[in-house]
Every structure is written in C-alpha cells, then in structure tokens.
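Reviewing the structure listed below.
The values are calculated or read from the model by the stated rules, or taken from the named source; none is laboratory data. Keep in mind the model is a prediction, meaning the values are calculated, not measured. A quick note on method: Cβ atoms are made from the backbone with ideal geometry, for glycine too, and the neighbour counts reach across all protein chains shown.
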Amino acid sequence: MRRILISLAWVLAAVWTSAFAALDPALVKPLGGDDADARVEAITRLGALGTPEAFAILNALNEEKLYVTPDGRVLVVEDDKATDPLTGEAFDLPEGTDSITVNNRLRRELESALAGLRLFADDAKVRLKAAREVQQNAGAAQLPMLEKALAKETDPRIRDVLDMAVATINLKSDDAEKRKLAVERLADTTNASIRPVLAAMIEPKPDGTFVEPDEGVRAAVVDTLARIDRHLLVIEWTGNLFYGLSLASVLLLAALGLAITFGLMGIINMAHGELLMIGAYSTYVVQLAFRRWFPGELDWYVVAAVPTAFIITAAVGMLLERTVIRWLYGRPLETLLATWGISLVLMQTVRTIFGAQNVEVANPSWMSGGVTVLGGLVLTYNRMVIIGFAVFVVIIVWALLNKTRLGLFVRAVTQNRRMADCVGVPTGRVDMLTFGLGSGIAGLGGVALSQLGNVGPDLGQSYIVDSFMVVVLGGVGQLAGTVIAAIGLGELNKFLEPYAGAVLAKIAILVVIVLFIQKRPQGLFALKGRSAD
Amino acid sequence: MGFAAPPRPSLFPPAVWTGVLAGTAILALLPILNLTFADGSALHISSFTIALLGKFMCFAIAALALDLVWGYTGILSLGHGLFFALGGYAHGMYLMRAIGRDGVYQSDLPDFMVFLDWKAYPWYWSFTEHFWYCMLLVVLVPGILAFVFGFFAFRSRIKGVYFSIITQALTFAAMLLFFRNNTGFGGNNGFTDFKRILGFTITAPQTKAVLYLVTLATLLGALLLARSITQSKLGRVLTGIRDSESRLMFVGYDPLWFKLFVWTLSAVLCGIAGALYVPQVGIINPSEMSPANSIEMVIWVATGGRGTLIGPIVGAGVVNGMKTWFTSVLPQYWLFVLGAIFVLVTLFLPQGIAGLVRKLWARRTAPRAVADPAAGGVS
C-alpha cells in the first residue's frame, strides 16, 4: 500500500512539473552550449538533483532527443514535436534546431548520472540494479545523492547495497573517523570485490609507510578483512555442501536402478545409461504434449512426467529382460556385451526419432530461480527439488523392497533362487518385475537429469561409469551403501573441484575408488556370512 | 588323467598352417601390386585398400592381445583401448618431433604447444626426438601401467565384472586426462599432421607399403607367440585360471603372477598395435580411449571366436569391414548393426565365427566317419 502511495506521489509530481517548470533554466542552458566542461558540470548537477524532471531531460540527452535552437533554447523533440522541458509547453519544431551531440566523455558522465537517478525509480528491481551499479563505481560526487536515496529507500536489500556504496565512498574520505566507520561498516559486506580495496589500504609502501596513514583505521581494516574472509569461507563451504548434495542426488538417482539390477540381480546392464536417457526423453515428450493440449497447466508437466517416464522405461526394461537378458543369467560378461549392444541400438533409435541434436526441456516456473542465502550464495530451486525427489525415491524403493510382497520375493530370489523356486515363488516373473523396477527408477533419474542439463541421445553415456562406481563403492546388494557412496562421491567431487579443477577432481576420484576397491573389494558394506558368494 | 602335459603337436595343425601361410602370402603381395601396377590396371590394388587393410591388421593385433587375456585367461578387459592409445601416443610423440619446423607456426615446438604459448617441451617429452627411445616407450608405458594396475587388482582378487568395470573406469579417467590441453598431448585434437618417419615422407606409397609389411610381420609374429604361449604349460595354467581359479589355487598355483604376466604381455602387444596404427592413419586423439572403443575391441574377439587364435583376427577384419562399408553407404544404420552383432553373437554364437566353422566342419566330416552315404551325398 505504501509503495503504491509513493509511486502515486511520483506520478503526480511528474505531471505537475511537466506543466510548470521546476528546473532552474541556468542548469539546463549549458547543455546546449559549446563549453565541454560546463556541459559535464550541468549533467553532474542535474544528476545530483535526483528529481524526475532531471531524469527526463538527461534521458532525452542520452537518447539524443535533446535539441537546441539557434537562440540557445533547449528542447526535447519527439516525433517532430518539440517540448520545452522548462515550461512543458509544446510547439512545432522551430527552424535551424540542431540535435545536441553526445561525445564519449559526456556519455560516461551521463550514464553514471542516470544510474544515480534510477535509484529513485518506482520499480524496486530497477532501483536494486542501479544501486549495485553505483556501488561498483561510486565516486565522492555521488555521495549527497546516495544519502538522499538512502533516506527515501524502504527496501532493506537496496538499503544494504546503498549503505555499502556510501561506506565504499567514505573509505576515501579525508576524515579518519569517517574512514574507520566505513571500514567497520564494510565488515558485513557480501561483495567480494571490496576485499582488494581494503587489502591495498594496509599494504606497506617501500618507504615503510602505509596507504592508510591512521593506525586505528588500519586495525579496523585488519578486523574487517578477517570477517570478510570468514564470511566468504562460510559461503564457499555451504555452497560446496549444497552442490555436492545436489550432485550426490543426481548420482543416486542414476545409480539406484543399477543398485537393483546389478546389486540384487547381478545383471551388468550397460544399457542403464540409455534407460536414463529414455526417461529424459519421456519428460520431453510429456512437455510437448502439455504444450499442445494443456498449455495452461504447462508448469505441472514435470509431475505428469514422473509416472510416464517410470512406466515407459519399466516397459522397455521388462521387454529387454524377456527377450535378451534372461537367456544370459549366470554369464555376467556376456550380459555386459549384449546390453552394450542394446544401448547402441537404443541410442540410435532415439537419434532416428528425435534427431542427433539436444532437445529443449524447460524448467517449470516453480523450479527456476533460487533463493539467496548468506547474502551471496544462490541455492537454485531445481536442485533443491531434485534433492527432495531423490530422498522420495529412496524411501519408495526401500519400502517396496522391505514392506511389500514383491520385495519379499525379490529378496528371496536374490538369496537363494532354487529354494525360492521350490516354495512357489514365480522366479521368472519376479526377475522380470525386478528388472522393470530397476529400469523404471532409471527413468525417474532421467526426469531429474532433464531438469539439470542437456537432453540428447548421448546423455546416458556420461553417467554409466559414474553409476557403476557408486554401486561398486557402495557394495553390491546394499541400498544404504549406494546412498552413502553417492553422497560421499558427490561431496568429495565438489570439495576437490576448487583445488584441482573439474576434470582432475573426477580423475582423482576414479583413482581413489580403484585404490579403495583394493582394500575392500566388496565395497563399503560387504555382505557377510553365507550370502557372500 | 596324467598331470604332465600331453605330447605337444606342432604349432598348428597342417591345414591351419597352410591357411595362415597362404593368407600371409596374399596379404604380403597386395602392397607390391599396389606399387608395381599403375592406376587403372586390372591388377592394381588401390592405396585406399592398402591403408584399410593395414589398419585392420593393427586392430587384429589388438584383438589377439585381448583374446589372450579374455579368451584364454578369462579376464575381460574393457580398457584395452587405453593401452592401444598409449602405444599410439608414444609413437606419436616421435612423429610430432619429426615434423620439425614444418608446422603451421614454423616453430621447434608442435603447433598445439605454440598455441598454448609454451616456451619449451615439458620434461616427459625429453629424448622423444629419438626414434628408438619412443619405441621403448611404446613397450614400456603400456607395460608398466598394466603391470602396476594388474598387480594391485589381481592381488586383491578383483575379478569378473568388477575387474571389467574398473578397467573401463581407468580408460575413462585417462580419456578425461588426455582431453585436457594442459596435459601436454594436444588436448582433444591429439597428434596429427605428421610429415615424416625416420626421414621418409609419411604419405609416400613406399613408406605406406613398408609400414603395412611391418604390421603384417608383427601380426604374424604375435600369432606365433600367442600360439606358443597357449600351447605351453603356461598356457594350460592360464586356461585353468579361466575355468576354475579357486581349484587351481587349491592345487598349489598362485594365479597372481600368471595373470600378471599375460595381462602385461597383452597390454604391450596392444601398445605395439597402437604404435603401428598411428603412422598409417595419421592421427591419434583421446577418443581412442573412450570406453566405447574398448568394448568394440571385445566384440571383434567375440565375433571371431574367443579362445581361438585365428578367430579374433578374422573377427577384427569382419566387424571392421562391415563398419567401413556401413559408415560409407548407410551410416545411420551402422549402430543398429553393431548393436545387433553384440546381441546376436552373445545369444546365438558364443564361440564366434571360429566356433561356427568348427561346428560346420565337424558336421561335414562326422557323417563320413560313420559312413552315412545319404548325408555325404547332400554335402
């Protein structure tokens, strides 16, 4: 309500001043003159006014709509209609009117003045952007205007930025007390670019003196630097933790299906990556369908894509199990080759249908954007949703395996196929359903992947090695092991990346896994006792 | 059932000997036909055919190497492409040095280093201007890597699919490493634009013919070596590891050193194949290390027939011949065909082409043995 009132007041003010001059003609007149210094000064002074009519006239100058008559009258010209900015009087363009050219020096001054004036705009977003701009290259001339803006500003975020800008300017103040206050104020900054400025202040010069002459201010700078560093460290670690968790959830979704087909059934499914890819393409198709038939509901296509992808990939998986894989039980190396062949066929099929290029899968609006925490770290919604989704899928799989009749059968067949067969478990059907479940979960992983990265026919290839690593590391046949391995690998990857770079981090992790397997060939959670081979 | 090895027959049965010698003779004749007869003559063999066959023979050596570990010892490697590529890179380093100042930037350094603004060769490039040093690297780099990796893997008894997956991870990691520009091997472009080898122009038909003949000789040598290993007592231990490793251990053998020997030997052979491959195709880049390439090697062996020695050579030729034909005529269908080969061979042709031939041969000769005139008449 308050904001509406304020903007209403501005509109009224604008109408008022367009009818009656509120600008000092002495301020506007030099704009049309030839004296470059006078023009720059006029721009600076107009900018410092901070009123809408000053903004209007500077904006007109910036867009080269400001003209000057031979007798020195400055006019705003729009569509061959001239307006006198001082009186608001409109008339036809007089003879001999010339546009005012803006050279580079003028343009620079103009832009900084305009950014300052935008601090008074109605739209909070424009104000925030302008405040950031001013903060980046604030000069002492803008101090009065900033203080004026600060007095008017109500949005705490913008206030914060303005405050920082004032402090940044005050760093160069002649008054040591002011400098000290500014330094202390900057301790809360989240803007890392201020750090080098502060660090330069306590840098000793060759002759032993410092850039900053005052002892007290220097002490404050040291203090502030420590606080900024601590804050940046917290941001970095929190960011690593979050992005590591996000990577972990992706790895988990990619590997969970494999943990079932490989871990429980012992099938090396090299086409697992392609099942992920099919899940991602299912999402794409569902998105197309929503665009076509329910454009109003487009934001919810992801929700519909989840069961669709599950059903499609589970069906593909069951088909594979019935036609190829079941003939190869007990021959893992042959299974590996056959499923690799299947993966090639699936990839080429998708390429034939959808083309070799990546297809576009958009985040729904409720998944795009993010929330800023700690004043500098953006946690994106899509990653948060996917972390939640991974937790959800793990719970479902756990419940399915441990609380349902199918789960009981699966575990029975895994532990002792012959005995299960003897007591009447339909082992063939259980095999098919288990493989379908594993494949369906891969499809769910595909939905998640489609929200994070590119969707193309090669999508699965990049995940196959990673997912196998997760399963091998976690230990075969262990859901908990898979979860912990995924989290461990995800976090390790993100914490190594800043030091080693993405590629070397990945290589280091592969080496670590190979070394780890030496120590514990059965993975983190080895089966013990009779069931262990 | 004595424990002593049965009396060893000659290296090959006479029929196979004849086949091997005839094949070698025909293959050896082709480059001579290429050089002596002019283009357009009925007896002329195109340079394209020679280049293609030279490439296939390199693949055949690699397939033979893979067969030694997979077909005879039961260790399925999904990372042999790494050894192949390492051999290729080792030779490529010499070929890059041999370009001299003829590169685009006319610098002593290879173009990619100039492009990265490097001033000198990194330490691991030292001595690579010497041909024989690089030949040593061709053997040592894959050999040492395989030895170290194999030692740790076999010692902790990693076997079966675990071993396969880890070798795949190994080659994947190496591919990522070589894709980096800063690794110093040309990033994703790898090495190319070779000009000469030992002073001879690398694109000259005579040089190509010599490379071809060297490859042929290497293939023949590798075949004889593999045959003598598999026929020896050592070979019988290897087969024992394949068929039942734990029983072999109970008898008192330590499989570690047997596996390590054949694994390292196989890697070295693969490296040599790669070293022969690079000057003939004129390029080596990290995509040779992609997991897909290594698995493709496995399918050559499977198609030809693992556990036989002629099989992998035939398989490498057949699969790559089909690949060449499809990728030029019907490129969009090649992956379907390759996928189908994978599935059909594993489902219906577990012994590969060699097994099929053997079965047909047995069917043809068996009725004669029982003197069935009707069946004999039909065949």
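A compact table of results
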quantity	calculated
Failed item in (1) facing chain A (nearest Cβ under 10 Å); (2) modelled with pLDDT of 90 or more; (3) over 24 Å from the mean Cα position of the chain (by Cα), with B:Phe179 passing the rest	(3)
Per-region count, segment A:492-512, residues surrounded by 17 or more Cβ atoms within 10 Å (Cβ to Cβ), within 7 Å of chain B (Cβ to nearest Cβ) and of a type in the set (A, V, I, L, M)	2
From the options A:Val391, A:Val430, residue that is in the same structural domain as A:Gln357 (by TED's automatic domain parsing) and buried (at least 17 other Cβ atoms within 10 Å of the Cβ)	A:Val430
Unique match (being within 19 Å of A:Thr339 (Cβ to Cβ) and either out of contact with any His (no Cβ under 8 Å at 6 or more places or on another chain) or of a type in the set (Phe, Trp, Tyr) (or both)) among A:Val470, A:Val483, A:Val413, A:Val503	A:Val470
Any hit, segment B:136-145, residues being within 14 Å of another protein chain (Cβ to nearest Cβ) and farther than 17 Å from B:Tyr277 by Cα	yes
Odd one out for B:Arg306, checked against (1) over 15 Å from the mean Cα position of the chain (by Cα); (2) within 11 Å of another protein chain (Cβ to nearest Cβ)	(1)
Per-region count, segment A:323-375, residues within 13 Å of another protein chain (Cβ to nearest Cβ) and either of a type outside the set (Phe, Trp, Tyr) or not in a helix (DSSP H, G or I) (or both)	31
A:Leu379 part of a strand (DSSP E or B) and either more than 14 Å from every other protein chain (Cβ to nearest Cβ) or closer than 16 Å to A:Gly263 by Cα (or both)	yes
Yes/no for B:Phe163 being at pLDDT 90 or above and within 14 Å of chain A (Cβ to nearest Cβ)	no
Positions within segment A:439-458 being in a loop (DSSP other than H, G, I, E, B) and within 18 Å of A:Met270 (Cα to Cα), in sequence order	A:Gly456, A:Pro457, A:Asp458
Extreme residue, farthest from the other protein chains (Cβ to nearest Cβ), among residues of segment B:280-294 that are buried (at least 24 other Cβ atoms within 10 Å of the Cβ) and among the hydrophobic types (A, V, I, L, M, F, W, C)	B:Ile284
Residues of segment A:169-185 that turn out to be touching a Gly at 6+ places or on another chain (Cβ under 8 Å) and either within 17 Å of A:Leu146 (Cβ to Cβ) or not assigned by TED's automatic domain parsing to the domain that holds A:Ala131 (or both), as a count	1
Test: B:Ile241 is surrounded by 14 or more Cβ atoms within 10 Å (Cβ to Cβ) and either within 14 Å of chain A (Cβ to nearest Cβ) or within 30 Å of B:Leu35 (Cβ to Cβ) (or both)	no
Output for segment B:85-104, where each listed residue is surrounded by fewer than 19 Cβ atoms within 10 Å (Cβ to Cβ) and of a type in the set (D, E, K, R)	B:Arg101, B:Asp102
Qualifying residue in segment B:177-185 (condition: among the aromatic types (Phe, Trp, Tyr) and within 26 Å of B:Thr218 (Cβ to Cβ))	yes
Candidates A:Asp431, A:Asp421, A:Asp458 - the one that is of a type in the set (Asp, Glu) and within 14 Å of another protein chain (Cβ to nearest Cβ)	A:Asp458
Restricting segment B:148-160 to residues that are touching a Phe, Trp or Tyr at 6+ places or on another chain (Cβ under 9 Å) and in contact (Cβ under 8 Å) with a residue 24 or more places away in the chain, the residue that is farthest from the other protein chains (Cβ to nearest Cβ)	B:Gly150
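Residue by residue, here is whether (1) closer than 18 Å to A:Val166 by Cβ; (2) among the charged types (D, E, K, R); (3) assigned by TED's automatic domain parsing to the domain that holds A:Glu41 holds:
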site: A:Tyr67; (1), (2), (3): no, no, yes
site: A:Asp79; (1), (2), (3): no, yes, yes
site: A:Phe91; (1), (2), (3): no, no, yes
site: A:Pro94; (1), (2), (3): no, no, yes
site: A:Thr97; (1), (2), (3): no, no, yes
site: A:Val102; (1), (2), (3): no, no, yes
site: A:Leu114; (1), (2), (3): no, no, no
site: A:Leu128; (1), (2), (3): yes, no, no
site: A:Ala131; (1), (2), (3): yes, no, no
